Amino acid sequence: MSALLTVHGSQICFAVTARRGKLAPVDNANNSGIRSLSTTHNTRLLIIGAGPAGYTAAIYAARAGLKPLMVAGLQPGGQLMITTEVENYPGFAEAVQGPFLMEQMQKQAVHVGTEIIQDIITSIDLGGRPFRALGDSGDSYVADSVVIATGAQARWLGIPGEKELSGFGVSACATCDGFFFRGKTVAVVGGGNTAVEEALYLANLAKHVTVVHRRDSFRAERILQQRLFALPNVTVLWDTVVEAVLASEGQFPSARALVLRNAKTGAASELPLDGVFVAIGHDPATALFKGQVAMDAEGYIETVPGSARTNVPGVFAAGDVQDKVYRQAVTAAGTGCMAALEAEKWLAHHAEPVLT
């Protein structure tokens, strides 16, 4: 496995060479061509997901001598891979690029003894030990314990300019990126608790905040609405749909305006701004575990308060997959540490391992 950090303009991309199983020789007699020869991987601790939670769990578990095996998943590095600058992760005096931060975590995990495989878990059986999972590569994974760190993804509007300007004026996290818009004009799109909380946070930093909502009332809690309406630098646009994000001209374009449409009258308009925060919710990546571990109504894995333990003995959850409140890299890393320490303790206090 190898890692590569490449720079394209002002964007940084992190790629990890994929390991997809072994190739069997060509069978000329049967003309079957090259075919994949699957492998079974046995481990005391299987970590699913390679974001801050997964990497931290791997670092602690490896240092404890558990020789963890990590399956990195579809997007190694998680949401930080689309974050251009990170200023709120402890230990860095200057802002660091999100991909660079994740590269350092990956290298640290490998350095202390983690085996990382670039594969995607497509099915898993948590019905009894050993736990068994199947990868997209055809490889099988058999483990005494599991840490689920598959994270969550922000919901996006799916409009022109949104993806292209992500990290360049378009964000889904005010706590992460609001600092860069001090004294500037921003918009928040959404009408639930997340949107109103984002707007309240940004109102302390930005010159003006416009909340754009497609309905004529918020779904957020009333006390949050009251706080928002009391702020002099907040405007709400009701019955308004965002149709596109417009970019500035120049070598490094950034968001400069939103194209809006009134849902009732159909009237179109533009809203000049410096940044836009999409706050229409998150989706935890938990479909794989549905019906096997306890989840709340939104699909987040439930853990015992103050721990990373799920309702399945030997299965732990860390990061955004079980945290719908904070959703920060540092809190994800913290729960990754908790999951590894609890897994180590759980394995030590049970009978001889199923796997040898």
Next on the checklist: The conditions are (1) touching a residue at least 60 places away in the same chain (Cβ under 8 Å); (2) of a type outside the set (Lys, Arg); (3) touching a Leu at 6+ places or on another chain (Cβ under 6 Å), and Val212 fails exactly one of them. Which is it?
Outcome noted: (1)
Checklist entry - Is there a residue in the stretch 283-293 that is under 22 Å from Pro90 (Cα atoms), in the same structural domain as Val146 (by TED's automatic domain parsing) and crowded, with 22+ Cβ neighbours inside 10 Å? => result no
Checklist entry - Which residues, counting only those in the stretch 92-116, are over 18 Å from Tyr60 (Cα atoms) and part of a loop (DSSP other than H, G, I, E, B)? => result Phe92, Ala93, Glu94, Ala95, Gln97
Next on the checklist: Checking Ala257 against (1) closer than 30 Å to His208 by Cα; (2) surrounded by fewer than 18 Cβ atoms within 10 Å (Cβ to Cβ), only one condition comes out false. Which one?
Outcome noted: (2)
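Yes/no matrix, rows are residues, columns are (1) touching an Asp or Glu at 6+ places or on another chain (Cβ under 6 Å); (2) among the small types (Gly, Ala, Ser); (3) at pLDDT 95 or above:
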residue: Ala285; (1), (2), (3): no, yes, no
residue: Phe289; (1), (2), (3): no, no, yes
residue: Glu298; (1), (2), (3): no, no, no
residue: Thr303; (1), (2), (3): no, no, yes
residue: Thr310; (1), (2), (3): no, no, yes
residue: Ala317; (1), (2), (3): no, yes, yes
residue: Ala329; (1), (2), (3): no, yes, no
residue: Gly334; (1), (2), (3): no, yes, yes
residue: Ala339; (1), (2), (3): no, yes, yes
Checklist outcome for this item: Within the stretch 127-166, of all residues that are part of a loop (DSSP other than H, G, I, E, B) and hydrophobic (A, V, I, L, M, F, W, C), the one farthest from Ser248 (Cα to Cα) is Ala149
Next on the checklist: I'd like to verify a number: residues in the stretch 144-165 that are touching a Gly at 6+ places or on another chain (Cβ under 8 Å), more than 20 Å from Pro76 (Cβ to Cβ) and not charged (D, E, K, R), how many?
Outcome noted: 1
Checklist entry - So Leu46 fits all but one of (1) closer than 21 Å to Val330 by Cβ; (2) touching a residue at least 60 places away in the same chain (Cβ under 8 Å); (3) surrounded by 15 or more Cβ atoms within 10 Å (Cβ to Cβ); what number is the exception? => result (1)
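Right, Leu224: within 30 Å of Ala333 (Cα to Cα) and assigned to a loop (DSSP other than H, G, I, E, B) or not? If you could, list the steps in order and put the result at the bottom.
On the way: within 30 Å of Ala333 (Cα to Cα): yes; assigned to a loop (DSSP other than H, G, I, E, B): no.
Spelling it out, it is not the case that Leu224 is within 30 Å of Ala333 (Cα to Cα) and assigned to a loop (DSSP other than H, G, I, E, B).
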Next on the checklist: Take the residues in the stretch 161-188 that are in contact with a helix residue (DSSP H, G or I) (Cβ under 7 Å, 6 or more places away or on another chain) and within 15 Å of Val236 (Cα to Cα); name whichever of them is surrounded by the fewest Cβ atoms within 10 Å (Cβ to Cβ).
Outcome noted: Val186
Item to check | Looking only at the stretch 121-153, and only at residues there that are at pLDDT below 95 and either surrounded by 22 or more Cβ atoms within 10 Å (Cβ to Cβ) or among the β-branched types (Val, Ile, Thr) (or both), the one that is farthest from Ile47 (Cα to Cα) | outcome: Ala152
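Yes/no matrix, rows are residues, columns are (1) at pLDDT below 95; (2) farther than 30 Å from Val321 by Cα:
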residue	(1), (2)
Ala203	no, no
Val212	no, no
Ala220	yes, no
Thr235	no, yes
Leu260	no, yes
Item to check | the stretch 283-306 - residue that is without any contact (Cβ under 8 Å) to a residue 60 or more places away in the chain and outside any loop (DSSP other than H, G, I, E, B) and, of those, farthest from the chain's Cα centre (by Cα) | outcome: Met295
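The values are calculated or read from the model by the stated rules, or taken from the named source; none is laboratory data. The model shown is predicted, which means the values in this text are computed figures rather than measured ones. Positions of Cβ are backbone-derived with ideal geometry, glycine not excepted, and every protein chain shown enters the neighbour counts.
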